[in-house]
């Protein structure tokens, strides 16, 4: 009995100390229609695959990106999704595959993505994950030159003065910095 209690206590401590997220993958850099988890647009998809879900967009504003009527902007590199942003217009239509959507709080964001964030500022909360070395990045590591910036995944929540999300970005570091 005592041995069982010790094992259970050890497992509780082990799981309590673990981060709720073991890392980010390209599956985390995706959005889905609210109430339709099969209508997904994700990192690495072709533009044609993305437009099967989003419809046709307008690509006249920011280089390498297309704005869709649903409030979803997709950034392309070599005709593949390299970044996705959600704006106010996507509020009740799209959410991240992790379940975060416009209108949710910063605390909700932390519950979904954990406490291994890169930066927590008043109006944004950013996560950066090095998929090659399998670890979250922090301040100085973010600024360092990476072996391949497209293998560092970034999830960023943008919040208004009341701590409510009004923007979400899911990109790789190269797209975040250079828009290419």
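Please treat every number below as a calculation from the coordinates, not as lab data. Please read these numbers as outputs of a predicted model, since none were measured by experiment. We place every Cβ from the backbone using ideal geometry, glycine too, and count neighbours over all the protein chains shown.
Are any residues in the range 75-89 free of Cβ contacts under 8 Å to residues at least 60 places away in the same chain, in contact with a helix residue (DSSP H, G or I) (Cβ under 6 Å, 6 or more places away or on another chain) and either more than 18 Å from residue 172 (Cα to Cα) or surrounded by 22 or more Cβ atoms within 10 Å (Cβ to Cβ) (or both), and if so, which ones? Residue satisfying the conditions is 81 alone.
The residue pairs whose first member lies in the range 135-146 and is touching a residue at least 24 places away in the same chain (Cβ under 8 Å), whose second member is surrounded by 10 or more Cβ atoms within 10 Å (Cβ to Cβ), and whose beta carbons are closer than 6 Å, counting only pairs six or more residues apart or on different chains, are 136/116; 136/129; 142/118; 142/128; 146/152. Are any residues in the range 136-153 assigned to a strand (DSSP E or B) and in contact with a helix residue (DSSP H, G or I) (Cβ under 9 Å, 6 or more places away or on another chain), and if so, which ones? Hits for the range 136-153 are 152, 153. Within the option set 172, 126, being under 16 Å from the mean Cα position of the chain (by Cα) and touching a residue at least 60 places away in the same chain (Cβ under 8 Å) holds for one residue only, 172. Quick check on my filter: what residues within the range 39-74 are in contact with a helix residue (DSSP H, G or I) (Cβ under 9 Å, 6 or more places away or on another chain) and either surrounded by fewer than 16 Cβ atoms within 10 Å (Cβ to Cβ) or over 23 Å from residue 151 (Cβ atoms) (or both)? Result: 39, 44, 57, 66, 68, 69, 70, 71, 72. Taken together, the criteria place residue 129 among residues that are farther than 26 Å from residue 70 by Cβ and either assigned to a loop (DSSP other than H, G, I, E, B) or touching a strand residue (DSSP E or B) at 6+ places or on another chain (Cβ under 7 Å) (or both).
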